[in-house]
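The values are calculated or read from the model by the stated rules, or taken from the named source; none is laboratory data. Treat the numbers as computed from the prediction; the structure is a model and nothing was measured. Quick reminder, even Gly has a Cβ in these numbers, built from the backbone with ideal geometry, and neighbours come from all protein chains shown.
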Amino acid sequence: MNTSGLDPIILTLVTFIPAIGALLLLVIPRRDRDIRIFALIVSLFAFGASLHLVARVHRWLPGFQYEVDKAWISKPNIHYHMGVDGISMWLVLLTTFLTPLCVLISWKSIHERVKEFFILLLVLETALIGVFTALDLFLFYFFWESTLIPMALLIGIYGHGRKVYAAVKFFLYTMVASMFMLAAVIWLYAKVGSFDFVKIQEAIRAGHVEGFATAAPWLFLGFFIAFAVKVPLFPFHTWLPDAHVEAPTAGSVLLAGVLLKMGTYGLLRFNLGLFPDQARQNAPWICTLALIGIVYGALVAMVQPNLKRVIAYSSVSHLGFVVLGIFSFTQAGLNGAMFVMLAHGVSTGALFMLAGIIYERKHTYEITEMGGLATPMPKYATFFLFVTLASVGLPLLNGFIGEFLVLSGAFQANPWYGIIGATGVIWSACYLLWMYQRVFFGKVTHPENNSLPDLSALEQLALWPTAVAALVMGVAPLLWLNIIDPAVQTALTALVPNAARVVGQ
Amino acid sequence: MNPQTMQSIPAAADYIRILPEIVLSIFGMVIMFLDPLLDEEKSQKLLGGIGLAGTIAALLSTWIMAQSPGFAFWNMVRVDEFSVFFHALVILIALVLILTSYEYMAVQRIRAGEYYGLILLGLVGMCLMSSAVELVLIFIALEISSISTYILAGFRRRSAISSESSLKYFLLGSFATAFFLYGVALMFGATGSTNIEEISAYLNSGNVTVLAYVAVAFMFIGLGFKVAAAPFHVWTPDVYEGAPAPVVGYMSTAPKAAAFAVLLRVLFEINAPGRFWLVWISAALSMTLGNVAALVQDNVKRLLAYSSIAHAGYVLVAFAARPDVGAPAVMFYMASYAAMNVGAFAVVSHLANAGERYVTVEDYAGLGRRSPFLAGALAIFLISLIGIPITGGFFAKFYVFSAALQSNLVVLTIIGVSNSALGAYYYLRLIVAMYMKDGSDDVPVLPIPASLALALVITITATVYLGVVPGRVLDSVQRSAQQLVRPAESTQPAQLNQVAPPHSL
């Protein structure tokens, strides 16, 4: 079959299939089973469509592919400009990969207001894909803000505990931060006359933007604050543990798996892409924050009594690696940052699913309530161990590759970055393995835990893909890096005039 | 005005140029005439139907009027795209208002005849406000519109608070119109004319006296009261709290839109001297006071009253900007504000129930479960009021702030942007209550009648339409704004420098 005719519309398809599915869900009668099946089909369909991106990508071609550029609003000059490169394509794929798993993992656990749940989930998917594919700054902001409402509602309605507090905190924190980005975007538009990322980038490089020299530090900060809150970079991270702990499982998976990457993607695409000089000037303190995040996140994770909080703080730590990699300005560092994003999406997504599975059985995340679970739940324990090891960074699993590349990049930039960053790897082994030991090993401390059922077929179905992905990514990282690398090199050319500094693969 | 034209008899075209006003007057009088003849029980539906027919006929005649642009009645009325836009806007608001009032009137046991009559007659004034280019005629139109609104505010005769609302509105409102009239008189003293174009020509030829500054300030006070801008806003919460809920939706949009139309003429078409700081201070005050006060409100009507003050502030930001970018932003803002606010009040008036008993935030708890349609509709309006993408409210804010930035109003933009972040909180409170709190079942939700459903569908469609494909409306407002500012354009650059401070904030 000749599928090349799809190329011009494939991004639109991938982005809006979930939204169309959500619209159709509105009119489907309220039979929970039908709704779940329909949502699963829609999300699988979106995943299938996104595979087309990988299948027909021109591997070594830098720049954007599958571009669409149509005028949306004439004045101000807003375009429906979409496109992906090696960086964003994988993030799109990560989103479409995780969403069907979210549907599966919510199959049993969501039994009230099922219809609304899946509508929100699918709308969220569209917004997330849109963030990664938009090449018009306005369109980007549009999708960026659109992620807020469905995510806040998912936490606030379907969460538990202090869910309202968490939802409102999440909403306000990220909304206030993105206002700064909006101001910067409008400033750029007022001077360049276009929202188009490529055009603005060219105008800045050519020095055609009036008043840019004085405004650039502020613009850089405007973008940076919005992204740093999303990542979340220390000290903007306080919304994250609350949001994660109270969110429903699917919400946590998408939050950790994809939403946080919106921040790092933004840093990579916009802060580096538009303001290379400011990025260089600010790199020292940003790297310092990232290192604090790595160590602080890990230390705090270690003392958490709550399974989900451990994983949430581990995200703070892992995302610190991503930021460190990005602001090392080395090829290895950027490649590694990208790879950590993907690996973290897969393995932390899986960890949150596993935490959700135990919550359904015990209605608690407290580690003290567990202990010795390996006896009644051997399959569960096996999956958990596998994913934990992936997250720790065991060679041949996905976590190792990214962290190794980031650290080698960091060493090139500044040996101290590498040394302090490397301790993070040790810390993460400490807290994750210690948590694993407390949850699974030893005697069953609570007698009622003896009767816990092991994984159901549905749960295994949701977990297997993540396990396979973690293994394949660890064994054959080049499948990913081959496509990431050209995009990273393009991003670097503006940053590192002296190409000899780049010690590649 | 030369004597020759005064003597000539109005041509047929003159009447076509006020056709909507004529049609509305006829329908209004028919209702007034029929009311005492009909049995009270039966009259409700019939008179409402006539009112509805009146608005539809007025819409059609607006279309007819739009076909013959030009001056009428000795240069007192001008039909152009600007006046057609505001005609259509206020008539549409009234149409939705009549649809929402249908059921409300029955529930509150209010006699309907005069109600519908007053709506149509008040509409005559508002329509005329947008097409009059003669200050005295504008004043008369303003009075027609205000007096009918004073009475409408007191329509819940059995409730003391409604009478209080009406009286307060009347006393303060008369005071404000007196200010406007005083301003008109002073303007005549300063320029020797009450015709907008003649005033504009006179002032732009450099003959700006102190008197003209005072005149502008007085007219601004009068109109500032009508649009509920700080510091002339104190009446708003009390009046909105007491007046019937559908009327509040109407008061906060239609007379406001008409008053903004006059402000556009007075400030931009005249190119009023000394307007900059007047508007700047009022905008900053309105946004801040409105949003801060709204934070602590428990009564939804009061909350939306303060929110309407804040929104008046956002609109005024555009008045501080350059006319060519400010005027279209104002018009677009009013259109999308009308859609979302009328819709929100439609939901509020339905939920209020007999005697407007249920109007606190607590009464909205659990609405998402009890009535998904109403809660969903209100959520969309609130999201739009916050200014989140996919809704008209987002583009409205966007255009206002980009107009401000294009005019280098950085400080005012920062105040505005921080305010809209602040504002998000209290709108969110309502969403949180609806979806994330459990309500008591003793707050009943009446079945949704077809008329209300239609009103909501219209307002939701308008809100989303303006948020996704704002292009057509935007083109229209940009064309009309060009007509508005063109007369002054020849001398504008010099004039602008004089008006705006050198490093305008």
Across (1) facing another protein chain (nearest Cβ under 10 Å); (2) more than 21 Å from the chain's Cα centre (by Cα); (3) crowded, with 22+ Cβ neighbours inside 10 Å, residue B:426 clears everything bar (1)
Among residues of segment B:454-489 being away from chain A (no Cβ under 12 Å) and free of Cβ contacts under 8 Å to residues at least 40 places away in the same chain, the residue nearest to residue B:106 (Cα to Cα) is B:457
_When you scan segment B:419-435, do you find a residue that is without any contact (Cβ under 8 Å) to a residue 12 or more places away in the chain and β-branched (Val, Ile, Thr), even just one?_
yes
Selection over segment B:397-412 where residues are facing another protein chain (nearest Cβ under 7 Å) and touching a residue at least 24 places away in the same chain (Cβ under 8 Å) yields a count of 3
Filter segment A:271-330 for residues that are assigned to a loop (DSSP other than H, G, I, E, B) and of a type outside the set (A, V, I, L, M); the one that is surrounded by the most Cβ atoms within 10 Å (Cβ to Cβ) is A:327
In segment A:48-100, anything among the hydrophobic types (A, V, I, L, M, F, W, C), surrounded by fewer than 19 Cβ atoms within 10 Å (Cβ to Cβ) and in a loop (DSSP other than H, G, I, E, B) is listed as A:57, A:60, A:61
All conditions in (1) hydroxyl-bearing (Ser, Thr, Tyr); (2) more than 25 Å from the chain's Cα centre (by Cα); (3) within 11 Å of chain A (Cβ to nearest Cβ) are true of residue B:440 except (3)
Would segment A:244-266 turn up any residue that is out of contact with any helix residue (DSSP H, G or I) (no Cβ under 9 Å at 6 or more places or on another chain), among the β-branched types (Val, Ile, Thr) and either part of a helix (DSSP H, G or I) or away from chain B (no Cβ under 14 Å) (or both)?
-> no
How many residues of segment A:89-116 are at pLDDT 90 or above and under 30 Å from residue B:466 (Cβ atoms)? The answer is 3
Among residues of segment B:377-396 being assigned to a helix (DSSP H, G or I) and either facing chain A (nearest Cβ under 9 Å) or on the phi > 0 side of the Ramachandran plot (or both), the residue surrounded by the most Cβ atoms within 10 Å (Cβ to Cβ) is B:395
Inside segment A:115-138, the number of residues satisfying the requirement of being over 19 Å from the mean Cα position of the chain (by Cα) and farther than 20 Å from residue A:38 by Cβ is 3
Here the residues within segment A:36-80 that are touching a strand residue (DSSP E or B) at 6+ places or on another chain (Cβ under 9 Å) and of a type in the set (Gly, Ala, Ser) are A:63, A:71
When (1) buried (at least 21 other Cβ atoms within 10 Å of the Cβ); (2) within 20 Å of residue A:352 (Cα to Cα) are applied to residue A:484, the one that fails is (2)
Whether any residue in segment A:217-231 is buried (at least 24 other Cβ atoms within 10 Å of the Cβ), aliphatic (A, V, I, L, M) and more than 14 Å from chain B (Cβ to nearest Cβ) is what I want to check. yes
Of all helices (runs of 4 or more DSSP H) fully inside segment A:120-213, the set with 2 or more residues that are facing chain B (nearest Cβ under 7 Å) is A:137-146, A:148-158, A:163-192
- Test result for residue A:79, away from chain B (no Cβ under 13 Å), more than 20 Å from the chain's Cα centre (by Cα) and either more than 20 Å from residue A:339 (Cβ to Cβ) or among the charged types (D, E, K, R) (or both): no
A careful count of residues in segment B:184-213 that are part of a loop (DSSP other than H, G, I, E, B), touching a residue at least 12 places away in the same chain (Cβ under 8 Å) and polar (S, T, N, Q) gives 4
Q) Scanning for something surrounded by fewer than 20 Cβ atoms within 10 Å (Cβ to Cβ) and under 19 Å from residue A:300 (Cα atoms), does segment A:437-449 turn up at least one residue? A) yes
(message) Given the criteria within 12 Å of chain B (Cβ to nearest Cβ), aromatic (Phe, Trp, Tyr) and surrounded by fewer than 21 Cβ atoms within 10 Å (Cβ to Cβ), does residue A:239 qualify?
(response) no
Here the residues within segment A:337-368 that are acidic (Asp, Glu) and either under 23 Å from residue A:472 (Cα atoms) or in contact with a Ser or Thr (Cβ under 9 Å, 6 or more places away or on another chain) (or both) are A:360
- Message: Condition check: at pLDDT 90 or above, surrounded by 16 or more Cβ atoms within 10 Å (Cβ to Cβ) and outside any loop (DSSP other than H, G, I, E, B). Does residue A:389 satisfy that?
- Response: yes
Within segment B:325-371, of all residues that are β-branched (Val, Ile, Thr) and more than 14 Å from chain A (Cβ to nearest Cβ), the one surrounded by the fewest Cβ atoms within 10 Å (Cβ to Cβ) is B:360
The residue from A:25, A:44 that alone is over 23 Å from the mean Cα position of the chain (by Cα), closer than 25 Å to residue A:259 by Cα and part of a helix (DSSP H, G or I) is A:25
